Structures are given as C-alpha cells and as structure tokens.
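Beneath this line is the structure, given in structure tokens, with notes to follow.
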Amino acid sequence: MTTTDTVPAPVPPDPVTPDDLADVLRLAADTLRAAPADTDWSRPAGGIAWDCWSTVEHLADDLLAYAAQLGPEHPPQDRYVPFVARRSHPGGPNNFVLAEREGGPAALVEVLAASGGLMVSIARTRGPEVRAFHPWGLADPAGFVAMSLVETLVHLHDVAEGLGLPWEPPAGVCARTLARLFPDVRPDPAGPWPTLLWATGRRALPDRPRRTEWRWYADAPTAPAPA
C-alpha cells in the first residue's frame, strides 16, 4: 500500500449559509455596541482610507446593495440596480445608505443590522438557480452571502482595529468564505482568519508578503436550465 493510499483526501468546507451571515452580523453588532460611550468614531479604520463611522456605513451599504441585486424577479445580469449613491464628505465611500449622525453609534449599528437582516432574509428565499451581477462574477444567493460575509468580517476588523476593540470571528465561517470566494488562496497554518486577512490585503503572513492587489471570484456554477 502506498502512502497516498493511506492519506484521506481533504474534505472541502461546507458552503456558506444565511445562518452564517446572521451569526456574524450578530457578533458584529455586539462588538460595535461594546465601544465605550466616549469613543471617537472619526478615527481611521485600521489601514484603510475611511474613518470608523464611514466604514460601518459602507458595510451597511454593501449589504443592502447585495440584497437589492437579488431582489428583482429578473435580477440584473450586467449592472447594479440603479440606486443613486453619493459621498457624504470628500474622500468618503460612495453610498446610498447613510445613518443619522444625531442618533449616535446606536443608530449606526441599527442601520447595519437592518441592512444585514434584509440580506439574510432575501438569501433565505431566493432559489439556488438565481444569478445576479457583481463586477467580480455572476453570483448565486450563496455567492452573495459569501460576499456579505467577507465584507462584514474584514470591515469589522478595520473598525475594531481603529476603535481598539477585539474582533476574532469563528474559524469555520472564515474557512467557508475562503473556499467560496478565494479558490486561488492556499490555506495558511496560522488558520483561516489570518489567511482571509492576507487574502484581502490586510496583513502579511510568515511566508507571504502583504498583498497590494487582490480580488475574489463570485462566479457561481452554471445555472440549471428551467424544467
């Protein structure tokens, strides 16, 4: 018997699910609500160009935009749903979702939870044959869940770093997200969360320099022909 006969093939991770996204959004909201009352949300968000408040708005905008892509009976195949977006200040993200500043961080977190909840709900109701546009691939509902996960995981990292909050998401969710969106990325012994941060240009790994360019692959399997 050869060595290869005795070593089982690696088992691929299960696909991401709307429940994964609901769990991560709950963790994200709990993390942000733990910020002290005197926290300055205008601090830079980690190593990105936006402040912490604007980064959470951007995340809420992404989640609602992904839900909107899946919303029409016939989702767009070559463009985004044409909402009007604008920058609330020079250099900020180009959003159609903005939180009332007068409501403070509680209002910001509520906006995030609402956008995320809509994404979770629509992902639970749309069939696996549905396809909708994203610049990095024509995706099915599971693909939009994975994109929502990577946005939430890494932007919470950015904001938590800026605000000095702990953020260590579940390894299993990170592994499933990597498997769906980053099939080109080799897992690192440090674990799926450090690997995901490397894949999205947030950090270096012991044997890999920090990425300056990166993308994910949203394309879903070919949709089955209608019965």
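The values are calculated or read from the model by the stated rules, or taken from the named source; none is laboratory data. No experiment lies behind these values; they were computed from the predicted model shown. Virtual Cβ from ideal backbone geometry, glycine too; neighbours counted across all protein chains shown. All accessible areas refer to the heavy atoms of the entire protein, side chains included, with ligands and DNA or RNA removed. Shrake-Rupley method; radii C 1.70, N 1.55, O 1.52, S 1.80 Å.
Data overview
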read-out	value
Span-like helix ranges in the chain, DSSP H, alpha carbon extent 18 angstrom or more, Kyte mean at least 0.5	104-125, 141-163
Mean residue ellipticity (222 nm) of the chain, computed from DSSP H runs ≥ 4 via -39,500 (n - 2.57), nearest 500	-15000 deg cm²/dmol
Average accessible area per residue (Å²) across the chain - probe 1.4 Å, nucleic acids and ligands excluded	52
Surface share of carbon and sulfur [accessible, 1.4 angstrom probe, percent] for the chain	58
Entry for semi-axes √(5λ) of the Cα gyration tensor in Å (calculated from the structure that is shown) out of (i) 37, 18, 13; (ii) 24, 21, 15; (iii) 29, 24, 15	(iii)
Within-14-Å neighbourhood charge of F182 [Cβ basis; K, R +1; D, E -1]	+2
Equivalent ellipsoid, the range 47-109 (semi-axes from 5 times Cα gyration tensor eigenvalues, Å)	24, 13, 10
Karplus-derived 3J(HN,Hα), 6.51/-1.76/1.60, for each residue of the range 97-102, Hz, glycine and proline x	10, 9, 9, 5, 5, 5
Net charge of neighbours whose Cβ lies under 15 Å from the Cβ of G103, counting Lys and Arg as +1 and Asp and Glu as -1	-2
Amide proton proximity set for D51, modelled H, under 5 Å, gap of 5+	A45
Highest-MSF residue in the chain out of A106, A139, A190 [GNM, Cα springs under 10 Å]	A190
In the range 49-100, trypsin sites (Lys or Arg not before Pro) in a DSSP loop with at most 13 other beta-carbon atoms within 10 Å	R79
